[in-house]
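Heads up, the thing below is written out as structure tokens.
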Amino acid sequence: MIRLGVPSKGRLMEQSFEWFAARGVTLSRSGSDREYAGRVDGVEGMSLILLSAGEIPRELAAGRIDLGVTGTDLVREKLTGWKSDVAEVAPMGFGHADLILAVPDCWRDCVDLDDFAAIARDFRAVHGFRLRIATKYHRLVRAWLAAHEVADYQLVDSQGATEGTVANQTAEAIADITSSGETLRANNLKVLAEDPILRSQATLFAHRASLADCGPFLAQLGLEA
Amino acid sequence: MIPKRDKQAVGQRFLNAFREAGAVEVAPDILLPADTLLDLYGEDIRARAYTSSDPLRGEMMLRPDFTVPVVQMHMAGGAEPARYCYLGEVFRKQDPGDERPANPRDNEYLQAGFELFAHDPQADAEVFALFHRLLAPWGLRAVTGDMGLVMDAVRALPLSEARRDALLHHVWRPKRFGRLLARFSRPAARRNVAQSAAPWAGLRTRAEMERRMARLAADQDAAPLDPAWIARLDRLFAISAAMPKALGELTDLSREWPDLAPAIRRIDDRAGMLADLGVAPETVLFDASHGHRTMEYYDGFTFSFLADGRTGWPPIATGGRYDALTAVLGRGGRAIPAVGGIIRPGLVAELETA
């Protein structure tokens, strides 16, 4: 039995269902809307498990599910050494979002990361502490800034309403996922003129050790394991 | 697999030797307040140190190194000159990136250390000669450097103060340093500041922005740095040879770069002191970019002892002068002259069983 994990609600669930339906596999929720059990039609030996998109990386890495749909951002942030445990099977073409670094729009002198590095240095000298970046993507942001040798900053944890932290003066900049940039603009933030820290989209992942067993199913989807 | 007890025994030997060299043994806490370490090392330390939280004391870190607690202890009441030694575990985690390594590095290992709080150049030679003597049985490669030389070289570049300060600030970050240098070598591009109708937000003030914009405006008049200076810097960073030969190359370079002379004299004096202490300068390498690529805050003499042929091993011992760190820890008040180093007894134990 191959266990397929799919986000349990919202657009991500609907679009995942559509993606599989277009490839001849019908996924659905069994029973009421409150129940997180699923049905699979059009293929044998497959069970559907509905769970939070944020938990799918962990479940995949542990091998409790063999296949799973989640964002590349979550896999890379949550799984250290992700390639050792999971394999990227197919990008699914929805759920696009970029992880970006944004600063107050009123910082007219801040266009790119070099400006940001210089501002962070000044800020630390003036305020006596490191410039704060609010984010929930600690590992990705830290690795990216380390690769660019940006110093003089610190990360502060923000699990929600991250765009509001600058106005609330709990951070000077934010690193977050954005698709249209609307929330950023509404909060008077602008994105630095750099490639995103990560371009994320909904992706079908496999537990690495299950990849061989999933072969026939993936072939039916028109994919290669 | 060497039992920890055996590594401990090797560490005790070094600790005894440090005591015989006049150091007082200290035993700093294992759980340290995270804020001081974060302020000093930034997010890099969060990627490397284990953090935990205490309901009363807030975020704590498992000791990632001994330097900070030893300096703090000395600042709280020691008089210079002072010599301290210690032996204990440090804890470092490793973020593997995309793939888990087949052989993860040790995340807990022993350090035996010696710290000397004194300003005279003799202190640098004393620490190095001590390490050199203790590590002599293993035929390690001794490499030294001098961040004071690098900083003097940067200060002597014909640049505006703002540009010089920026380079000095990033002297431990070769990539950012290189980017700045490349920018300073080009004719200053006209900077178009962004337009914004957004209301002011956040803790950074408008005055801070205006100060930076004024600095950028002034920078537009700056002449590009003559490529000859980049070539000289490249020549400087490429110097890596036995001390006497390296000193010869430095002296050659100083003919077109006279401001290097005082730093070269310091290195030459150090070579003399080392010879007096029984360390032949011909057996010690001098690598001008040694400290440039190692730990932040080393701002003078730096050294490493390496086991050649042990690929993937970190240095068996490292150390240097870190007055810049005590300046930050002292919050701009008292900067305490400090030089010291650590040996990894676990690695020495492995060399012994080989």
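The values are calculated or read from the model by the stated rules, or taken from the named source; none is laboratory data. The structure presented is a predicted model; accordingly, all values stated were derived computationally and were not measured. Every residue, glycine as well, gets a Cβ built from its backbone with ideal geometry; the counts of neighbours run over all protein chains shown.
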Note to self: I'm trying to understand the selection: among the residues of the stretch B:221-250, which are over 15 Å from B:Val154 (Cβ atoms) and surrounded by 14 or more Cβ atoms within 10 Å (Cβ to Cβ)?
What the structure shows: B:Ala222, B:Ile239, B:Ser240, B:Ala241, B:Ala242, B:Met243, B:Pro244, B:Lys245, B:Ala246, B:Leu247, B:Glu249, B:Leu250
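Take the residues in the stretch B:38-57 that are part of a helix (DSSP H, G or I) and aliphatic (A, V, I, L, M); name whichever of them is farthest from B:Gln94 (Cα to Cα).
B:Leu40
To keep it simple, each residue is scored yes or no on (1) among the hydroxyl-bearing types (Ser, Thr, Tyr); (2) touching a Lys or Arg at 6+ places or on another chain (Cβ under 7 Å); (3) outside any loop (DSSP other than H, G, I, E, B); (4) free of Cβ contacts under 8 Å to residues at least 40 places away in the same chain.
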site	(1), (2), (3), (4)
B:Gln8	no, no, yes, no
B:Gly11	no, no, yes, no
B:Ala27	no, no, no, no
B:Leu32	no, yes, yes, yes
B:Thr36	yes, no, yes, no
B:Glu59	no, no, yes, yes
B:Gly77	no, no, no, yes
B:Glu80	no, no, no, no
Checklist line | Count - residues of the stretch A:97-122 that are under 15 Å from A:Asp195 (Cα atoms) and part of a loop (DSSP other than H, G, I, E, B) | finding: 2
Note to self: Contact list please: Cβ distance under 6 Å, first residue in the stretch B:245-256 and farther than 17 Å from B:Ala231 by Cα, second residue assigned to a loop (DSSP other than H, G, I, E, B), pairs at least six apart or on different chains.
What the structure shows: B:Ala246/B:Ile239
Note to self: I'd like the full set of residues that are assigned to a loop (DSSP other than H, G, I, E, B) and within 14 Å of another protein chain (Cβ to nearest Cβ), limited to the stretch B:84-106.
What the structure shows: B:Lys93, B:Gln94, B:Asp95, B:Pro96, B:Gly97, B:Asp98, B:Arg100, B:Pro101, B:Ala102, B:Asn103, B:Pro104, B:Arg105
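Condition check ((1) farther than 25 Å from B:Asp95 by Cα; (2) modelled with pLDDT under 95; (3) of a type outside the set (Ser, Thr, Tyr)) across all residues:
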| site | (1), (2), (3) |
| --- | --- |
| A:Ala37 | yes, yes, yes |
| A:Val40 | yes, yes, yes |
| A:Leu50 | yes, yes, yes |
| A:Lys78 | no, yes, yes |
| A:Trp82 | no, yes, yes |
| A:Val86 | no, no, yes |
| A:Val103 | yes, no, yes |
| A:Asp122 | yes, no, yes |
Checklist line | the stretch B:47-72, subset surrounded by fewer than 18 Cβ atoms within 10 Å (Cβ to Cβ) and of a type in the set (A, V, I, L, M, F, W, C), residue farthest from B:Gly341 (Cα to Cα) | finding: B:Leu56
Checklist line | Failed criterion for B:Thr144 (all others in (1) modelled with pLDDT under 95; (2) over 24 Å from A:Val191 (Cβ atoms); (3) outside any helix (DSSP H, G or I) hold) | finding: (1)
Margin query: What are the pairs with Cβ atoms under 9 angstrom where one residue, in the stretch B:116-140, is touching a residue at least 24 places away in the same chain (Cβ under 8 Å) and in a helix (DSSP H, G or I) and the other, located anywhere, is surrounded by 22 or more Cβ atoms within 10 Å (Cβ to Cβ) and of a type in the set (Ser, Thr, Tyr)? Sequence gap at least six, or different chains.
Written below: B:Phe128/B:Thr144
Check: Quick one: A:Asp98 ticks every box in (1) at pLDDT 95 or above; (2) more than 7 Å from chain B (Cβ to nearest Cβ); (3) buried (at least 20 other Cβ atoms within 10 Å of the Cβ) bar one, so which box is it?
Finding: (3)
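What residue, of A:Ala193, A:Ala167, A:Ala151, A:Ala125, is in a loop (DSSP other than H, G, I, E, B) and without any contact (Cβ under 8 Å) to a residue 24 or more places away in the chain?
A:Ala167
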Check: So which of B:Arg215, B:Arg232, B:Arg211 is part of a helix (DSSP H, G or I), among the basic types (Lys, Arg) and away from chain A (no Cβ under 14 Å)?
Finding: B:Arg232
Next item on the list: Please tell me if A:Leu67 is buried (at least 22 other Cβ atoms within 10 Å of the Cβ) and not β-branched (Val, Ile, Thr).
Entry: yes
Next item on the list: Pull up the stretch A:192-212, narrow it to residues that are surrounded by fewer than 16 Cβ atoms within 10 Å (Cβ to Cβ) and out of contact with any His (no Cβ under 9 Å at 6 or more places or on another chain), then point me to the one that is farthest from A:Leu12 (Cα to Cα).
Entry: A:Ala193
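The rows are residues; the columns are (1) touching a Ser or Thr at 6+ places or on another chain (Cβ under 6 Å); (2) surrounded by 19 or more Cβ atoms within 10 Å (Cβ to Cβ); (3) facing chain B (nearest Cβ under 7 Å); (4) small (Gly, Ala, Ser).
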| residue | (1), (2), (3), (4) |
| --- | --- |
| A:Cys110 | no, yes, no, no |
| A:Asp115 | no, yes, no, no |
| A:Gly128 | no, no, no, yes |
| A:Ala151 | no, yes, yes, yes |
| A:Asp157 | no, no, no, no |
| A:Gly164 | no, no, no, yes |
| A:Ile174 | yes, yes, no, no |
